[in-house]
Each structure stands twice: as structure tokens, then as C-alpha cells.
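Laboratory data are not the source of any read-out in this text; all were calculated from the coordinates shown. Nothing here was measured: the structure is a model prediction, and the numbers come from that model. Here the Cβ is made from the backbone with ideal geometry for all residues, glycine too, and neighbour counts use every protein chain on show.
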Amino acid sequence: MTDVPKTAVRPKVAFFDFACCEGCQLQVANLGESLLDILGAIDVVEFREVMSEKWDKDYDVAIIEGSITDSHAEERIKKIRARSKVLIAYGACAAIGGVNGMKNSFQLDEIRGYVYGKDYKFFDSTKTRPVHQVVKVDYFVNGCPVYPPELLEVLKCALRGLPYTVPDNPVCSECKLNENVCMYERGVACMGPWTKAGCNSWCVNNGNICYGCRGEVRNPAKNAAQDVIGRFNLNPETVRGKFDMYNKCKEGDNGNK
């Protein structure tokens with residue numbers, strides 16, 4: 001990991017988006033007063049939603065939303081990486097491939113034909129990849145959308161040159177601390193036992209299930225998970241299908257080191 005230089009000049013920070021819904025950028029805008037505190041310490045030099053991109057600058061921190069889904073995006077992310085001292089992948093699409101990864105379950109020509117019709121060969125497409133499968137990533141902010149307190153923590157670490165490690169325990173551990181009634185007890189399948197924590201069980205706190213948007217824990221409690229599957233008479237294929245909504249781009253591990 002490369003430290004951001006400690007200078008009197010405010011660090012130059014740039015936001016870029018690739019294949020995504022831009023929901024994580026909305027989370028940045030929703031930070032409110034916390035965002036104002038951060039903006040006082042940085043100089044935002046690129047942000048497509050509010051200014052035109054300029055390729056003649058270098059960046060102290062580049063913050064990337066979205067997955068890489070064609071050769072043009074691959075070329076562009078490599079140029080951004082070359083101009084950036086620190087690169088942050090934020091949001092499920094950038095960190096683990098996200099919902100765009102469902103494309104990887106099909107033949108590319110089949111998907112291209114479905115989307116673009118008979119002229120699909122004029123439109124480039126590659127299998128979906130998270131950012132770290134194309135270029136080096138220094139920090140990850142998981143989630144769909146990102147959890148604002150975690151985004152702030154990672155950005156502060158990046159600006160100070162400090163490490164940040166994505167939690168590698170399941171969301172269930174946060175659910176218990178928050179005294180939530182388990183979704184399985186309510187008769188609903190939830191991906192919490194297999195999904196990385198760090199979101200403060202945000203979705204379950206608000207009455208929803210965990211969809212697995214933060215990626216899979218490296219060493220899941222397999223016996224406990226099997227107990228959940230058996231006790232609630234779940235179909236393992238159904239559970240796997242739910243998890244594939246965000247996690248079809250895993251190669252060996254899902255980054256997040």
C-alpha cells in the first residue's frame with residue numbers, strides 16, 4: 001500500500017464510475033455534515049456527476065465505483081491506476097463484481113444478443129471483473145450501496161496512509177450484537193451466515209435480509225451453516241442461487257485483503 005504524501009497541499013481525490021448504477025456516489029452525497037468535514041481536508045478534482053473528467057492530472061486517491069465489463073473499461077481503469085497513488089474500490093460492483101457478475105453465468109454472445117439484438121457484434125463485451133482482477137487495489141469498501149461510516153473510515157485511513165482490513169466475520173455476529181430476531185426464525189432465507197460483516201447488519205436492522213453484497217467470508221462456519229440449512233429445511237441450491245446475485249466473479253479469493 002502506498003501512503004498519501006503528508007504535505008501542506010490538500011490531497012487530490014477523484015471519483016470514477018464504470019459499470020454500475022451510481023448508487024454508491026449517491027451515498028457520498030448523502031453523507032451530509034460528515035462529507036463537509038472530509039471535503040475540508042481534500043481537493044476533489046474529478047467527479048463525473050458534477051464536473052468533466054480531465055486526463056491531464058495525477059491523483060493522490062482515486063475512488064472507483066463499478067465493475068469492468070469490456071476492453072474499453074479495462075484500458076481506462078489501467079490509465080486511472082497509473083495516475084493514482086492510492087486506489088479505492090468502493091461498492092459491490094467494484095469490490096467483488098456485484099450484480100453485473102450474473103452475466104458470467106451465460107455465454108457472452110448470448111448476453112450480447114439479448115441486450116443489443118442482431119447487431120451485437122458491434123458492441124464490445126467481456127466477462128465481468130471486479131477492479132482488483134484488472135489493477136492493484138489498495139483499499140476496499142464493500143456493500144451495495146456502501147455503508148457510509150465504513151466509507152468515511154476507509155477514506156480517512158487512505159488519507160493518513162493507514163491500513164484498513166475488511167472484517168472477515170459473518171454479518172450474523174453484528175446481528176446478534178444489534179439484538180435482531182434472526183431472519184431464519186421468521187421463515188426467510190438470509191445470506192448473513194456466509195457474508196462479510198462491516199455494515200453493522202444494516203439491512204437486517206431495517207427489516208430486510210442480507211443479500212451477500214459484501215462478499216463471502218474466507219472461512220465460513222460450515223458446520224453452523226449446515227445446521228441452519230438442515231434446521232430450516234433449506235435447499236442448498238436456493239441458497240447458492242441467492243448468493244450468486246453478487247458473487248459470480250470470485251477467482252480464488254475476492255480481494256478485500
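Quick one: what are the phi-derived ³J(HN,Hα) couplings along the range 180-194, Karplus 6.51/-1.76/1.60 with θ = phi - 60°, whole Hz, x for glycine and proline?
3J(HN,Hα) across the range 180-194, in whole Hz: 6, 6, 4, 4, 5, 5, 8, x, 10, 6, 10, 8, x, x, 10.
Please work out, to two decimal places, the log10 of the ratio I(q)/I(0) at q = 0.16, 0.17 Å⁻¹ from a Debye calculation in which every Cα of the range 171-243 carries one identical scatterer.
Each listed q maps to, in turn, -0.50, -0.56.
Here are some pairs, Lys12/Lys121; Lys222/Lys248; Lys85/Lys121; Lys57/Lys196; which of them have Cα atoms lying more than 31 Å apart in this structure?
Lys12/Lys121; Lys85/Lys121; Lys57/Lys196
Of Val9, Val204, how do they rank once you tally other Cβ atoms within 10 Å and put the fewest first?
Listing Val9, Val204 from fewest to most nearby Cβ atoms yields Val9, Val204.
Suppose each label sits 7 Å from its Cα in the direction of the beta carbon; what would the Glu33-Arg76 distance come out to in nanometres?
So the two model labels end up 3.7 nm from each other.
Starting from 0.36 nm per residue, how many nanometres of slack lie between Thr126 and Lys222 once their C-alpha separation is accounted for?
31.2 nm
Could you give the dipole magnitude of the chain about its Cα centre, charging the beta-carbon of Lys and Arg +1 and that of Asp and Glu -1, in debye to the nearest 20?
480 debye
Can you tell me the Rg and the Dmax, both Å, for the Cα atoms in the range 54-146?
Just the Cα atoms of the range 54-146 yield Rg and Dmax of 14.3, 44 Å.
So which trypsin sites (Lys or Arg not before Pro) in the range 98-207 end up in coil per DSSP with only 14 or fewer other C-beta atoms within 10 Å?
Those that pass, being in a loop and sparsely packed, are Lys136.
Mean-square fluctuation check for the chain, GNM, Cα pairs under 10 Å: which of Gly161, Gly91, Gly66 is largest?
Result for the chain, Cα springs under 10 Å: Gly161 fluctuates most.
Skipping prolines and chain starts, which residues have an amide H placed within reach, meaning under 5 Å, of the one on Phe47, given they are 5 or more residues away or on another chain?
Placed amide hydrogens put Phe15 under 5 Å from Phe47.
By count of other Cβ within 10 Å, fewest leading, how are Phe123, Phe18 ordered?
Phe123, Phe18
Gaussian network model of the chain, Cα springs within a sub-10 Å range: biggest mean-square fluctuation belongs to which of Ala94, Ala62, Ala225?
Between Ala94, Ala62, Ala225, it is Ala225 that shows the largest mean-square fluctuation.
Under the 0.36 nm per residue contour assumption, what length would be gained going from the current alpha-carbon distance of Leu26 and Lys118 to full extension?
29.6 nm
Across every pair of different alpha-carbon atoms, what Kirkwood hydrodynamic radius in Å does the range 118-257 reach?
When all Cα pairs of the range 118-257 are included, the Kirkwood radius is 16.5 Å.
What do you get when you divide the Cα radius of gyration of the chain by 2.2 N^0.38 Å, with N the number of residues?
1.05
Only counting other Cβ atoms within 10 Å, I'd like Tyr211, Tyr90 sorted with the fewest neighbours first.
Ordered by Cβ neighbours within 10 Å, fewest first: Tyr211, Tyr90.
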